[in-house]
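The structure appears below as structure tokens.
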Amino acid sequence: MNIIVVGAGAVGGYFGGKIAKHGFPVTFLVRQKRYEELQEKGLIIKSVHGDFSLKPTLALDVNEIENPDLVIVAIKNYHLDEAFPQLKALVDKGAKILPLLNGIKHLEKFIDEFGEKNVIGGLCSIETTLNSHGEIVQTSRLQDIVFGPIASIGEEALLFEFKQILESSSIPHTLSDYIIGEMWKKFIFITTLSGITATLRQPIGVALADQVTLDFVKSLISEVCQIAKVKGIRLPENIEELTLTRIKSLSPKMTASMHRDLEKGLPLELDDLQGYALTVAKEYQLETPCLQSVYALLHPYKNGRITQ
Ligand SMILES: NC(=O)C1=CN([C@@H]2O[C@H](COP(=O)(O)OP(=O)(O)OC[C@H]3O[C@@H](n4cnc5c(N)ncnc54)[C@H](OP(=O)(O)O)[C@@H]3O)[C@@H](O)[C@H]2O)C=CC1
Ligand SMILES: CC(C)(CO)C(=O)C(=O)O
């Protein structure tokens, strides 16, 4: 299977690097600056699981790629529009698209543009970031990919082959038969976790240790769960409790990638998480005061560091 990873950052570089290290063909489709950096230094991963590095196969343009089978999309939501023509060209060459981005909106767009049969649902859990040397730094042991068919017709073989590849690459994973539900569970979790840690500028332990903030966390979870329900997503009855338990089970030092982006002065995926949830809430006339507060307090940072 020819795997293409679009974006060699914290997520794509880590998972793609691990798959390549285990001997499977992986091509990283990257932009000029990252291309030069990776050509010069190689792909370097500094991880709590053990450091490793490799000389990655790189492409700057989709024309350099032949016979792509699976495209793992691992760029930020706000870079998708620019990448779209390249993704479309890969689909035209016969590839299936597996996005690992946080959020839901991108999946709706991919399905609209490429059709259900060319899109695989997916999400990942990992705590990684790019440091100033372009190295990928993994700060906790968490690593997991969940993926599954949107439309299963004819795609089973590809999904099972990818599952084998993840198995052989020692990447924990689940092949789900209700990936939309899994993506919404992650959406509820990450919209809460990122909203809280970014707004507080603190890891999650600080929020959970303060009763007033903990009550706010619970209300925020409840609001996002209501949004998933009006969208018709089948979720466990006790999804609010399950999400809170999941958040409480995290290391108190845990933070979300949105919080790390805020600290680095990078743009935030605000309109794909809290903003998207608010759009749905508005459509269904739901009251979401906590979500609105988080969105408003992060909004000045949406496009990155404030320079004035
Ligand atoms: N980091 C984490 O811990 C987690 C992140 N996620 C999600 O995963 C997604 C990716 O995040 P993350 O890996 O952290 O982001 P990063 O910013 O670390 O990496 C994204 C990479 O995409 C590259 N890129 C942007 N546009 C293009 C393009 N058109 N073609 C090729 N490469 C491109 C950027 O390179 P350059 O700009 O240099 O060209 C950058 O290296 C996000 O949706 C995030 O929310 C999910 C779980 C955990
Ligand atoms: C789940 C978590 C917190 C780590 O994977 C994440 O998705 C993020 O940081 O964006």
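The values are calculated or read from the model by the stated rules, or taken from the named source; none is laboratory data. Predicted model only: the values in this text are computed from it and were never measured. Cβ: placed from backbone, ideal geometry, glycine included. Neighbour counts: every protein chain shown. To get the accessible areas, we keep the full protein, side chains included, count just its heavy atoms, and leave off ligands, DNA and RNA. Shrake-Rupley method; radii C 1.70, N 1.55, O 1.52, S 1.80 Å.
Do any residues in the range 99-120 that are small (Gly, Ala, Ser) have Cβ atoms under 8 Å from those of residues that are part of a loop (DSSP other than H, G, I, E, B), where the two are at least six apart or on different chains, and which pairs are they?
Here the result reads 103/269; 103/273, each pair linking the range 99-120 to a residue that is part of a loop (DSSP other than H, G, I, E, B).
So residue 4 clears everything in (1) buried (at least 21 other Cβ atoms within 10 Å of the Cβ); (2) in contact (Cβ under 8 Å) with a residue 60 or more places away in the chain; (3) in a helix (DSSP H, G or I) except one condition, right? Which one?
Evaluating residue 4 over (1) buried (at least 21 other Cβ atoms within 10 Å of the Cβ); (2) in contact (Cβ under 8 Å) with a residue 60 or more places away in the chain; (3) in a helix (DSSP H, G or I) leaves (3) as the failure.
Quick check on this structure: which one of 307, 288, 255 is modelled with pLDDT under 95, more than 16 Å from ligand 1 (Cβ to nearest atom) and either among the β-branched types (Val, Ile, Thr) or over 24 Å from residue 9 (Cβ atoms) (or both)?
307 is the lone residue from the list that is modelled with pLDDT under 95, more than 16 Å from ligand 1 (Cβ to nearest atom) and either among the β-branched types (Val, Ile, Thr) or over 24 Å from residue 9 (Cβ atoms) (or both).
Residues 147, 114: which one is more than 10 Å from ligand 1 (Cβ to nearest atom) and touching a Gly at 6+ places or on another chain (Cβ under 9 Å)?
Of the residues listed, the single one that is more than 10 Å from ligand 1 (Cβ to nearest atom) and touching a Gly at 6+ places or on another chain (Cβ under 9 Å) is 147.
Which residue is surrounded by the fewest Cβ atoms within 10 Å (Cβ to Cβ), if the candidates are limited to the range 153-168 and must be at pLDDT below 95 and out of contact with any Lys or Arg (no Cβ under 9 Å at 6 or more places or on another chain)?
Applying the filter and picking the extreme gives 157.
Assess whether residue 270 counts as being within 29 Å of residue 12 (Cβ to Cβ), outside the structural domain of residue 124 (by TED's automatic domain parsing) and not charged (D, E, K, R).
Yes, satisfied.
Conditions: (1) within 12 Å of ligand 2 (Cβ to nearest atom); (2) open to solvent by less than 30 Å² (accessible area, probe 1.4 Å). Residue 136 meets all but one. Number of the miss?
(1)
From (1) farther than 29 Å from residue 184 by Cβ; (2) within 13 Å of ligand 1 (Cβ to nearest atom), pick out the condition that doesn't hold for residue 81.
(1)
Considering the range 278-288 alone, what residues qualify as being crowded, with 16+ Cβ neighbours inside 10 Å and either touching a Gly at 6+ places or on another chain (Cβ under 9 Å) or assigned to a loop (DSSP other than H, G, I, E, B) (or both)?
286, 288
Of the conditions (1) in contact with a His (Cβ under 8 Å, 6 or more places away or on another chain); (2) in a loop (DSSP other than H, G, I, E, B); (3) among the hydroxyl-bearing types (Ser, Thr, Tyr), residue 307 satisfies every one except a single condition; which number is it?
(1)
For the range 236-248, which residues satisfy the criterion of being open to solvent by 20 Å² or more (accessible area, probe 1.4 Å) and either touching a Pro at 6+ places or on another chain (Cβ under 8 Å) or away from ligand 2 (no atom under 12 Å from the Cβ) (or both)?
Within the range 236-248, 236, 237, 238, 240, 241, 242, 244, 245, 248 meet the criteria.
Among what's in the range 207-235 and is free of Cβ contacts under 8 Å to residues at least 12 places away in the same chain and either open to solvent by less than 80 Å² (accessible area, probe 1.4 Å) or within 15 Å of ligand 2 (Cβ to nearest atom) (or both), pick the residue that is farthest from residue 279 (Cα to Cα).
210
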